[in-house]
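K.L.:
I have a structure I would like to understand better, so I am pasting it below and will then ask my questions one at a time.
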Amino acid sequence: SGVDLQVCTSKNPTCCTKKMEERYQTAAKQDIQQVLQTSSSTLKFLISHNAAVFQETFEMLIRLAENYTSTLLCSAYRTMAAEAAVHVQEFFTDVGLFLFGADISTEEFVNRFFDTLFPVVYNHVINPGLTDISLEYVECLRVARRDIRPFGNIPKKAIGQMGRSLLPSRTFLQALNLGIEVINTTDHLHFSKACSRALLRMQYCPHCQGLTLSKPCMGYCLNTMRGCLADIAEVDLHWRGYIQSLEELSGALNGAQSIEHVLLSFHSLVRDALVQARINGPELSEQVNKICGPPVRKPKQSPGCSFDQNKDNQGLKMFSRDSEETFAHRRKEFISQLRLYRAFYGGLAEQLCGNELAAADGLPCWNGEDVIRSYTHRVVGSGIKAQSANPEVQVKGTDPVISQIIDKLKHVIQV
């Protein structure tokens, strides 16, 4: 008789016990979770695959730029190359840390590089001696670099270039990672009790009457799914804004400010800085003597140049030849694919009902109680406001998890 059933009640005798109804309840939730994850899987793969590709490209660019700089020092400034190599390596480590989200400023690490480079340049280019200068003297030179300005305005130029090119790329990567987080959040949404019961009624209650082949009417499916996905539909507006901002940001990553251009020409800034220091050598020596006194030296022979140019050169040469071209092209390609998903969150209920869940037009369909010719209740729109008139699911306020993800989207759009 089915008197103990909670949701799949019926005037007719039923095939379901209370235990079966409970199992169907679990199955209904799992089914929808599965359908949701399937519908977003290509979008999720698109973003996560590209996030990985861009990160790898950035890592490759950093290695290549470091290689260029070390090669320059090895060929033109052999005596100081080994000592300078440590500072070059530190600098490019900082570039990587900044790009992948560490809390450091470009100004800080560019200045640190030129501060630490100055004592090496002073000891080998401006005032070369057979022995090294003492650690105290190195420290004095390092601190004095910003006042003496041995490299002219090149550090300032480098700070401007690095800031303008690294920040958009860092933001681009962060935005892609947020995109993945948004999809993971909506894929694993917690459904309310009212929604779970509505899903059970739509998916499995017909089985209790032996109607295992009937599918829900389109309007009925839309009402049920729009009720269950009301929170997710609220993401729609912000998701569209997110894709548009990514598109604008991608445009700003091209040209003379592009990360590949700035990183791969960094070695020429270093070359210009060293030339400037060499030309102004006598004046710089005088200034240094005033501030730090004459060089205090300690006996130690500088090692020659130990940089192994052939180590990664094969892979890097291949990469550099057309990197700018392919990198810009890949971004463009990615954005144009992503644009196809602008309305993903707004049209999710239609997509699920149309592709998977509902009966085709004109066929007899299930309306929650019986198999009929067509669904007669009003079909409500998407989003939380529209659900007050939903005949199938009662919807209460926004899910805090969704509110949080919307706040993150708003923040990244602003950034």
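The values are calculated or read from the model by the stated rules, or taken from the named source; none is laboratory data. Keep in mind the model is a prediction, meaning the values are calculated, not measured. Neighbour counts run over all protein chains shown; Cβ positions are idealised from the backbone, glycine included. The area values use the complete protein model at the heavy-atom level, side chains included, leaving out ligands, DNA and RNA. Shrake-Rupley method; radii C 1.70, N 1.55, O 1.52, S 1.80 Å.
K.L.:
Based on this model, can you work out whether residue 79 counts as modelled with pLDDT of 90 or more and open to solvent by 10 Å² or more (accessible area, probe 1.4 Å)?
P.N.:
Against the criterion (modelled with pLDDT of 90 or more and open to solvent by 10 Å² or more (accessible area, probe 1.4 Å)), residue 79 does not qualify.
K.L.:
I'm told residue 225 meets every condition in (1) surrounded by fewer than 21 Cβ atoms within 10 Å (Cβ to Cβ); (2) closer than 18 Å to residue 347 by Cβ except one. Can you identify the failing condition by its number?
P.N.:
(1)
K.L.:
Do we find a residue being surrounded by fewer than 18 Cβ atoms within 10 Å (Cβ to Cβ) and outside any helix (DSSP H, G or I) anywhere in region 172-192?
P.N.:
Yes.
K.L.:
Another question, then. Is it the case that some residue within region 3-22 is modelled with pLDDT under 90 and touching a strand residue (DSSP E or B) at 6+ places or on another chain (Cβ under 9 Å)?
P.N.:
Taking every residue of region 3-22 in turn, none turns out to be modelled with pLDDT under 90 and touching a strand residue (DSSP E or B) at 6+ places or on another chain (Cβ under 9 Å).
K.L.:
Sticking with this structure for a sec: Would you please list the contacts, defined by Cβ atoms under 7 Å and residues six or more apart or on different chains, that run from a residue in region 196-215 that is closer than 17 Å to residue 2 by Cβ and aliphatic (A, V, I, L, M) to a residue that is part of a loop (DSSP other than H, G, I, E, B) and open to solvent by less than 40 Å² (accessible area, probe 1.4 Å)?
P.N.:
Hits for this filter: 200/7.
K.L.:
Are any of the residues in region 104-123 open to solvent by less than 40 Å² (accessible area, probe 1.4 Å), over 26 Å from residue 134 (Cα atoms) and not hydrophobic (A, V, I, L, M, F, W, C)?
P.N.:
yes
K.L.:
Quick check: is even one residue across region 237-259 over 26 Å from residue 51 (Cβ atoms), touching a helix residue (DSSP H, G or I) at 6+ places or on another chain (Cβ under 6 Å), touching a residue at least 24 places away in the same chain (Cβ under 8 Å) and of a type in the set (Gly, Ala, Ser)?
P.N.:
No, region 237-259 has no match at all.
K.L.:
Among what's in region 232-262 and is assigned to a helix (DSSP H, G or I) and closer than 11 Å to residue 346 by Cα, pick the residue that is most open to solvent (accessible area, probe 1.4 Å).
P.N.:
Taking the candidates together, the pick is 237.
K.L.:
State whether the residues of region 273-289 include one that is in contact (Cβ under 8 Å) with a residue 40 or more places away in the chain, in contact with a Cys (Cβ under 8 Å, 6 or more places away or on another chain) and among the hydroxyl-bearing types (Ser, Thr, Tyr).
P.N.:
There is no residue in region 273-289 that is in contact (Cβ under 8 Å) with a residue 40 or more places away in the chain, in contact with a Cys (Cβ under 8 Å, 6 or more places away or on another chain) and among the hydroxyl-bearing types (Ser, Thr, Tyr).
K.L.:
Turning to a different aspect of this structure: Checking the condition under 25 Å from the mean Cα position of the chain (by Cα) and among the hydrophobic types (A, V, I, L, M, F, W, C), which residue from 99, 72 passes?
P.N.:
Step by step, each of 99, 72 is checked, and only 99 is under 25 Å from the mean Cα position of the chain (by Cα) and among the hydrophobic types (A, V, I, L, M, F, W, C).
K.L.:
Ok, one more. Identify, please: which residue in region 352-370 is in a helix (DSSP H, G or I) and open to solvent by 60 Å² or more (accessible area, probe 1.4 Å) and is, among those, nearest to residue 203 (Cα to Cα)?
P.N.:
356
K.L.:
All but one of (1) closer than 28 Å to residue 44 by Cβ; (2) outside any helix (DSSP H, G or I); (3) in contact with a strand residue (DSSP E or B) (Cβ under 8 Å, 6 or more places away or on another chain) hold for residue 202; which doesn't?
P.N.:
Checking residue 202 against (1) closer than 28 Å to residue 44 by Cβ; (2) outside any helix (DSSP H, G or I); (3) in contact with a strand residue (DSSP E or B) (Cβ under 8 Å, 6 or more places away or on another chain), the one that fails is (2).
K.L.:
Considering each residue of region 140-161, count those that are polar (S, T, N, Q) and exposed (fewer than 15 other Cβ atoms within 10 Å of the Cβ), and give that number.
P.N.:
Here the count works out to 1.
K.L.:
Before we move on, is residue 263 in contact with a Phe, Trp or Tyr (Cβ under 9 Å, 6 or more places away or on another chain) and either under 12 Å from residue 161 (Cβ atoms) or aromatic (Phe, Trp, Tyr) (or both)?
P.N.:
yes
K.L.:
Return the residues of region 377-402 that are over 36 Å from the mean Cα position of the chain (by Cα), free of Cβ contacts under 8 Å to residues at least 60 places away in the same chain and not in a helix (DSSP H, G or I); say none if nothing qualifies.
P.N.:
The one that is over 36 Å from the mean Cα position of the chain (by Cα), free of Cβ contacts under 8 Å to residues at least 60 places away in the same chain and not in a helix (DSSP H, G or I): 378.
K.L.:
Hey, among 331, 373, which residue is open to solvent by 60 Å² or more (accessible area, probe 1.4 Å) and either of a type outside the set (Asp, Glu) or within 17 Å of residue 189 (Cα to Cα) (or both)?
P.N.:
After applying the criteria, what remains is 373.
K.L.:
Still on this structure: Within region 1-27, track down each residue that is crowded, with 17+ Cβ neighbours inside 10 Å and in a loop (DSSP other than H, G, I, E, B).
P.N.:
Correct list: 2, 5, 7, 8, 14, 16.
K.L.:
Please work out which residue is most open to solvent (accessible area, probe 1.4 Å), limiting yourself to region 405-415 and to residues that are in contact with a helix residue (DSSP H, G or I) (Cβ under 8 Å, 6 or more places away or on another chain) and part of a helix (DSSP H, G or I).
P.N.:
The extreme case among them is 410.
K.L.:
While we're here: Would you tally the residues in region 28-58 being within 12 Å of residue 200 (Cα to Cα) and either of a type in the set (Phe, Trp, Tyr) or surrounded by 14 or more Cβ atoms within 10 Å (Cβ to Cβ) (or both)?
P.N.:
Of the residues in that region, 4 qualify.
K.L.:
Okay, next question. Of all residues in region 376-403 being within 19 Å of residue 238 (Cβ to Cβ) and surrounded by fewer than 12 Cβ atoms within 10 Å (Cβ to Cβ), which is modelled with the lowest pLDDT?
P.N.:
Result: 397.
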